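The values are calculated or read from the model by the stated rules, or taken from the named source; none is laboratory data. The structure presented is a predicted model; accordingly, all values stated were derived computationally and were not measured. Because the Cβ atoms are built from the backbone with ideal geometry, glycine has one as well, and the counts that use them run over all protein chains shown.
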Amino acid sequence: MSEFILAVDVSKIPDGGTLEIEGDPSLSEIETPTATLPLRAPLSYKIRLSRNKEDFFLFGTVSTVLEYPCARCLESVDLAVSGQVEATYKKPPKRVVEEEIELEDLENVIYYEALTLDLSERVIEAILVEIPIKVLCKEECKGLCPYCGVDLNQVAEHHCEIEASVSPGRLFNALKPFATEDRDTNDNKNDR
Ligand SMILES: [Zn+2]
Ligand SMILES: [Zn+2]
């Protein structure tokens, strides 16, 4: 997922005891399945691990600043994100059916194989789930001109030459043979 590893040896935590770890590794980016997100600030975490017999409970906070594109004008935005890590690490039962593990996973229960836990995925996940569906550089961002692509935030009053050159009638005739492309063009005008 990334070059970031946060391995913690929990074998030293006594039963009933806790271990607090914190740090701010300066990662350059976070890889997601669909994008590479540059970081504008260290990925800082503060996590408390507590032990109850063979179980380990993880609770903590994570924060960073991501470079993220505005959904309307594509300008890069400094997006401050903070999230929570919460998980339970359990010793695997003697015999476990694979499917069972996957179900438990959804409830933040993880079966550990060794007493060195790599918490990096938990930390990255905590950040990724907090990214809003739609990031805007500012609430009133005007976006891009759907005809020529000029950033409408930068131009006080945009009189688009391309838009003017395409009168509605001509546009309709020009697009008629491409009914499906017509739909695509309209989609592009919408916010993403
Ligand atoms: Zn914008
Ligand atoms: Zn334009």
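Mind checking which residues of segment 70-85 are closer than 15 Å to Leu128 by Cα and surrounded by 14 or more Cβ atoms within 10 Å (Cβ to Cβ)?
Leu79, Val81, Gly83, Val85
For segment 56-69, which positions are farther than 30 Å from Tyr112 by Cα and either within 16 Å of ligand 2 (Cβ to nearest atom) or surrounded by fewer than 19 Cβ atoms within 10 Å (Cβ to Cβ) (or both)?
Val65, Glu67, Pro69
Return yes when Ala87 is closer than 20 Å to Ile5 by Cβ and in a strand (DSSP E or B) and no when it is not.
yes
Tell me, which residue of segment 71-80 that is assigned to a loop (DSSP other than H, G, I, E, B) and in contact with a Lys or Arg (Cβ under 8 Å, 6 or more places away or on another chain) is farthest from ligand 2 (Cβ to nearest atom)?
Ala71
Out of curiosity, is Lys12 within 30 Å of Pro93 (Cα to Cα), among the basic types (Lys, Arg) and in contact (Cβ under 8 Å) with a residue 12 or more places away in the chain?
So Lys12 fails the test.
Hey, could you check segment 124-153 for residues that are free of Cβ contacts under 8 Å to residues at least 60 places away in the same chain and under 22 Å from Ala87 (Cα atoms) and say which is nearest to ligand 2 (Cβ to nearest atom)?
It comes out as Glu130.
Say we look at segment 150-160 and pick out the residues that are surrounded by fewer than 12 Cβ atoms within 10 Å (Cβ to Cβ) and modelled with pLDDT of 90 or more; which of these is nearest to ligand 1 (Cβ to nearest atom)?
In this case the residue turns out to be Gln154.
Could we say that Leu58 is touching a residue at least 12 places away in the same chain (Cβ under 8 Å) and more than 14 Å from ligand 1 (Cβ to nearest atom) here?
Answer is yes for this residue.
On the given criteria, is Ser26 in contact with a strand residue (DSSP E or B) (Cβ under 9 Å, 6 or more places away or on another chain), surrounded by fewer than 15 Cβ atoms within 10 Å (Cβ to Cβ) and modelled with pLDDT of 90 or more?
No, not satisfied.
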